[in-house]
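> Provided herewith is a single structure, encoded as structure tokens, for subsequent inquiry.
The values are calculated or read from the model by the stated rules, or taken from the named source; none is laboratory data. In this text, all values refer to a predicted model and were calculated from it rather than measured experimentally. Ideal geometry is used to build each Cβ from the backbone, glycine not excepted, and the neighbour counts take in all protein chains shown.
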Amino acid sequence: MTRRGTTTPAEVLVILVLGGLVFLVMKSIPCRTQYAIEGKVPHDLKYIHEMVDLYASDHDGRWPASMDDLLKKEVGSQPYLRYRLLDPWKNEYLFLPPITPDGRPRIGTLGKDVRPGGKGEDADYDDWMIWNGRAADDS
């Protein structure tokens, strides 16, 4: 004869163990997200940086005026970028045209908060930092 409404100590133990496992898995998810961000941003910025250089070499040293120049299909060739790349927070990467005649454009992201400054997911990244081997928090 079984009693209704009671649990055995073994059932309680199983529930506690499963709860602990769920907690450990959920705790590790933000860390994995940060690893994904740290991989995607540098990869995208290096790729866009290289496409900007390729554009300049194909246009007698003239830099693109905006990201749109990299997306345009030119006669007899493919666009430098097939689509507009987005940062991990689904924002378009920023494209700042050169300030001086001998300068180059700057490509970057303002992080999750889309504001200058910050640390972690809110940190700013740009192609100069990536090419110079500096992390966002080093600046």
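Each row is one residue, and each column tells you yes or no for (1) more than 25 Å from I37 (Cβ to Cβ); (2) basic (K, R).
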site: H59; (1), (2): yes, no
site: R84; (1), (2): no, yes
site: T100; (1), (2): yes, no
site: K112; (1), (2): no, yes
site: W128; (1), (2): no, no
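> Hey, does the range 40-60 have a residue that's part of a loop (DSSP other than H, G, I, E, B) and without any contact (Cβ under 8 Å) to a residue 12 or more places away in the chain?
Yes, the range 40-60 contains a residue that is part of a loop (DSSP other than H, G, I, E, B) and without any contact (Cβ under 8 Å) to a residue 12 or more places away in the chain.
> Under 21 Å from the mean Cα position of the chain (by Cα), surrounded by 10 or more Cβ atoms within 10 Å (Cβ to Cβ), modelled with pLDDT of 90 or more and of a type in the set (F, W, Y): is that true of Y47 in this structure?
Spelling it out, Y47 is indeed under 21 Å from the mean Cα position of the chain (by Cα), surrounded by 10 or more Cβ atoms within 10 Å (Cβ to Cβ), modelled with pLDDT of 90 or more and of a type in the set (F, W, Y).
> Moving on to the next point. Residue by residue through the range 56-104, note down the ones that are surrounded by 11 or more Cβ atoms within 10 Å (Cβ to Cβ) and at positive phi.
Answer for the range 56-104, where residues must be surrounded by 11 or more Cβ atoms within 10 Å (Cβ to Cβ) and at positive phi: there is none.
> Considering each of E74, E121 in turn, give the residue that is touching a helix residue (DSSP H, G or I) at 6+ places or on another chain (Cβ under 9 Å) and either in a loop (DSSP other than H, G, I, E, B) or over 19 Å from D44 (Cβ atoms) (or both).
That would be E74, the only listed residue that is touching a helix residue (DSSP H, G or I) at 6+ places or on another chain (Cβ under 9 Å) and either in a loop (DSSP other than H, G, I, E, B) or over 19 Å from D44 (Cβ atoms) (or both).
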